Amino acid sequence: MSRRTDAFSLPPWLAHTLRAQRGPVPWSAVTRGALAAGPLLTVAVLVGHTSLGVLAALGAMLAGINDRPGSRRASVKRLGGPALAGAAGLLIGTYTGAHVGAVVLTLLFTGIGLIAGGFIAIGPVASGAGTQLLVASAIGAGMPLPEPGWQRALAFLAGAAWLVLLRLALPTPGAIAGDYRFDGERDAVAAVYDAIAALLDASGGAEATGRRAALTAALDHAQD
């Protein structure tokens, strides 16, 4: 019976992939995501500029893809660089989509795709910029809106700038009051050293696996 069960068991690499993984929730990024695209679109609908609100929300949403752990200063480059590329792509797609035919537009997107693919080799920020350039170009060419291309690009940038502002202004949830400069970073780094000490104490014992997982979680939190 046990041999039959082993014969139908999943390979370890597949079982690990399908197993639910537990880790720290990045509450700061979750908070910024909740305050980004949704409120922008709501305000735009209330003031009667729904189409511009859609573009602003789109800019905030695409910027949120690049909202990853790191310092506040690094986040300006990580979020702003791809947003500028996306605004340029939206501008290109809007004007070319309105004045050229399908064949020329296809060739244009092919060239943009080659450029975006080359950006991947430069680094993560350039990779995000290339992706937004290609995606926003396609959106600009296929989204019928009454606003001209420059207004669409500005609305897109405004949405991304809103998320950058949230990244710079909002403290990490749970940070100690008065310690905004470090925003809980000291406590997070100290927790890593505590987790290392706990893992060393548990080396070779039954608790080693759990302590190793705790160290990984502490490292992820400190990086965030």
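Summary table below
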read-out	value
Degrees between helix 208-223 axis and first principal axis of the chain (Cα, 0 to 90, nearest 10)	30 degrees
Listed residues T42, L170, L10: farthest to the positive end of the dipole of the chain (Cβ charges)	L10
Angle between the chain longest axis and helix 149-169 axis [Cα atoms, degrees, rounded to 10]	30 degrees
Selection from A136, L79, A57 lying farthest towards where the dipole of segment 40-160 points positive, charges on Cβ	L79
Dipole moment magnitude, nearest 20 debye, the chain about Cα centre, only Lys, Arg, Asp, Glu C-beta charged	280 debye
For peptides 74-83, 195-204, sequence by mean Cβ density within 10 Å, most packed first	74-83, 195-204
Fraction of accessible area attributable to carbon and sulfur, segment 34-121 (%, probe 1.4 Å)	76 percent
Identified option (computed Rg and Dmax of the Cα atoms in Å; candidates [x] 23.0, 70; [y] 28.0, 120; [z] 17.9, 57)	[x]
Choice from A153, A188, A208 showing the highest fluctuation, given a GNM over the chain with Cα pairs closer than 10 Å	A208
Heavy-atom SASA rank of I122, I92, I115 (probe 1.4 Å, accessible area, largest first)	I122, I115, I92
Accessible surface, per residue, of segment 90-142 when the full set of protein chains is kept, probe 1.4 Å, Å²	52 Å²
Label-point separation in nm, I122 to A34, each point 7 Å along Cα→Cβ	3.6 nm
Degrees, to the nearest 10: 102-119 long Cα axis against longest axis of the chain	30 degrees
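The values are calculated or read from the model by the stated rules, or taken from the named source; none is laboratory data. Since we're looking at a predicted model, the values are computed, not measured. Note that each Cβ is placed from the backbone with ideal geometry, even for glycine, and that neighbours are counted across all protein chains shown. These area figures cover heavy atoms from the full protein model, side chains too; ligands, DNA and RNA do not enter into them. Shrake-Rupley method; radii C 1.70, N 1.55, O 1.52, S 1.80 Å.
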